[in-house]
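These notes are about the structure you will find just below.
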Amino acid sequence: MTVPTIQLNDGHHIPQLGFGVFRVDPAETERIVTDALEAGYRHIDTAAIYGNEQGVGAAIAKSGIPRDELFITTKLWNADQGTQSAFDAIDLSLEKLGLDRVDLYLIHWPRPDLDKYLESWLALEQIQADGKATSIGVSNFHVPHLERLAAGSSTVPAVNQVELHPTFQQRELRAYGAEHGIAIEAWGPLGQGKYDLFGLSAIRDAASAHGVTPAQVVIRWHLQSGIVVFPKSNSAERMRENFDVFGFELTAEQMAAIDALDAGNRVGSDPDTATF
Ligand code: NAD
């Protein structure tokens, strides 16, 4: 199965469906990412703070999959925001991943209280110029943070990776992204299992209409909404289920019914106030 790609504002392409490894135990990561690659995933989303870049790298090395068929994202942790600290952080991430470049490097959180995200963004521009990251972007940025980057730099982030699921749809950030050419990536696309997403009737009804699972409906909703999505699962069976979403299409009515679930239901941290 060839996963559709989205063209980023720098001309590079990102596979729209990937595999995320937040809270994947470092000791289990090599096996779990190996399972994901065997299931067909070629886009892996990790982060320095997940502590599992080494396992991701080991799975990549063992797979024998050509580097240019893979899309690997990692992220600059908050404690490493700055200039030299960002240069050191990407070097350490690349060493752990066993790669000479990542496809996408993100500022993980804006942490406005630190007041270093613009400086960090300028460092990411240099990291991109040095060839250590093919594309650069941000995560958990709100419109004022994006506007500050726009005023203080010459590069528009290729992506903004934000919490996004049917009851938290991020319409303002998606509209800003559409206007400025910033692709939207959903984290927690299944609501991180923190509420009964799969019990909502719009999702259940679409699942029974297509003979698929509620999780497949939700992933399909992300894809048909133009969002990049990388659900996480430790189970090989669920990885395959989450990847098997190209044999059906939600109707306009089913999409509208899920669109109507938006309820401002944030399940993760608020980027304006997070202090970790
Ligand atoms: P998710 O929404 O992908 O939910 C994962 C949960 O859903 C797990 O508990 C899993 O068991 C369950 N699940 C997966 N497939 C299922 C299925 N088919 N049926 C039933 N349950 C299923 O949450 P996530 O892992 O937090 O988000 C995905 C990825 O986003 C992460 O792995 C990470 O790469 C990224 N992320 C980024 C940030 C950020 O700040 N940038 C924050 C959180 C996550």
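All of the numbers you see were taken from the coordinates with simple rules; none came from a lab. As the structure is a prediction and not an experimental result, all values here were calculated from the model. Here Cβ is always computed from backbone atoms with ideal geometry, including for glycine, and neighbour counts include all displayed protein chains.
Odds and ends about this structure:
- Highest average packing first - 159-166, 251-258, Cβ atoms within 10 Å: 159-166, 251-258
- Among beta bridges identified by DSSP and lying wholly in the chain, the antiparallel ones come to about 15 percent.
- Annotation: amide H of His13 within the under-5 Å range of Leu8, sequence separation 5 or more or interchain, hydrogens built in the peptide plane.
- Proximal charge balance of Ala256 [Cβ under 15 Å; K/R count +1, D/E count -1]: -3
- In order along the stretch 104-117, the Karplus-derived 3J(HN,Hα) couplings, from 6.51 cos²θ - 1.76 cosθ + 1.60 at θ = phi - 60°, round to 8, 10, 10, 6, 5, 9, x, 6, x, 5, 6, 6, 10, 6 Hz, and Gly and Pro are given as x.
- Entries of Lys62/Lys132; Lys96/Lys194; Lys132/Lys194; Lys116/Lys194; Lys62/Lys194 with Cα pairs more than 26 Å apart: Lys96/Lys194; Lys132/Lys194; Lys116/Lys194; Lys62/Lys194
- Relative packing of 44-50, 243-249, which averages over residues the other C-beta atoms within 10 Å, highest first: 44-50, 243-249
- The distance from the alpha carbon centre of the stretch 213-242 to that of the stretch 142-192 is 20 Å, rounded to a whole number.
- Each Lys or Arg adds one and each Asp or Glu takes one away; over the other residues whose Cβ falls under 10 Å from the Cβ of Phe22, this sums to +1.
- Pairwise FRET efficiency - Glu172 versus Asn234, Cβ, R0 = 41 Å, nearest 0.05: 0.80
- For the chain, the longest principal axis of the C-alpha atoms and the axis of helix 171-180 are separated by about 60°.
- Computed FRET value (nearest 0.05) for Ala61 with Glu119, which takes r as the C-beta separation and R₀ as 25 Å: 0.15
- Amide H contacts under 5 Å for Leu76: Leu106, Ile107, His108, restricted to partners 5 or more places along the chain or on a different chain, H placed in the peptide plane at 1.01 Å from N.
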